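Everything on this sheet refers to the single structure shown next.
The values are calculated or read from the model by the stated rules, or taken from the named source; none is laboratory data. Keep in mind that this is a model prediction, so the values were computed, not measured. Positions of Cβ are generated from backbone atoms using ideal geometry, with glycine treated the same way; all protein chains shown enter the neighbour counts. Side chains are part of the model used for accessible areas, which takes the heavy atoms of the whole protein and leaves out ligands, DNA and RNA. Shrake-Rupley method; radii C 1.70, N 1.55, O 1.52, S 1.80 Å.
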Amino acid sequence: MAYDHENIFAKILRNEAPAARVFEDELSLAFMDVMPQVQGHTLVIPKAPAENIHEIDPEILGHTIQTTQTVAAAVKSAFDAPGIMIAQLNGASAGQTVFHCHVHLIPRRKGDIENPRGGVRGIIPENKDY
């Protein structure tokens, strides 16, 4: 599939769609997920147009991972979370719904109940098709 320049993350990068931005530099952007699995669910995206991890330039991916590490520490602190789940999905069958490479940062606490999609039960609609 060719990269869709009209996906929501591309629109956020062009300031055509709103986002609660929490970190930005020349190569990456982090913002709060509009449909969070839990409070503090944050996304990190490269500014380069790439559908998934298989299509991104390795240097840009490396920078995105550095941003992920920085923002994950900030999310952990800001939301007083003992753990952070870091997820990166590739392709619809893996659960990817926005086809712009991105990383999920999801604060986690002991006792969170897993659902089959990796989120916290009751937060993600059980009837959503991936």
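Whole number in Å², please: accessible area per residue of the chain, 1.4 Å probe, ligands, DNA and RNA not counted.
Working: 7400 Å² over 130 residues.
Accessible surface, normalised per residue, equals 57 Å².
Between the helical axis of 58-78 and the dominant principal axis of the chain, each derived from Cα atoms, what acute angle in degrees is found, rounded to the nearest 10?
Tilt relative to the chain: about 30 degrees.
What number of lysine-lysine pairs in the chain show an alpha-carbon separation below 25 angstrom, given a sequence spacing of 8 or more or placement on distinct chains?
Close lysine pairs under the 25 Å cut-off: 4.
Give the residue from Gly95, Pro107, Leu29 lying farthest towards the positive end of the charge dipole for the chain; charges sit on Cβ (+1 for Lys and Arg, -1 for Asp and Glu) and the dipole is referred to the Cα centre.
Of the candidates, Pro107 comes out farthest on the positive side.
Within the chain, which is the longest segment containing none of the GluC sites (Glu not before Pro) that sit in a DSSP loop and have at most 10 other Cβ atoms within 10 Å?
Between exposed loop sites, the widest span is 27-125.
Amide H to amide H under 5 Å from Ile84: which residues, 5+ apart in sequence or cross-chain, H placed 1.01 Å off N in plane?
Under 5 Å from the amide H of Ile84: Arg108.
Between the range 71-98 and the range 27-55, how far is it from one alpha carbon centroid to the other, in angstrom?
Using only Cα atoms to place each centre, the spacing works out to 9 Å.
Given 0.36 nm per residue, what is the gain on full extension from Asp25 to Ala73 after removing their alpha carbon distance, in nm?
Additional length available on full extension: 15.6 nm.
On the full set of protein chains, 1.4 Å probe, figure out the accessible area of Met32 and give it in Å² to the nearest 10.
Number for this one is 60 Å².
Obtain the radius of gyration and the Kirkwood radius of the chain from its C-alpha atoms and give Rg over Rh.
Value, to two decimals: 0.95.
If R₀ is 41 angstrom, what is the calculated FRET efficiency for the pair His5 and Arg109, using the beta carbon separation as r and rounding to 0.05?
0.60
Given charges of +1 on the Cβ of Lys and Arg and -1 on the Cβ of Asp and Glu, with all other atoms neutral, how large is the dipole of the chain about its Cα centre, in debye to the nearest 20?
540
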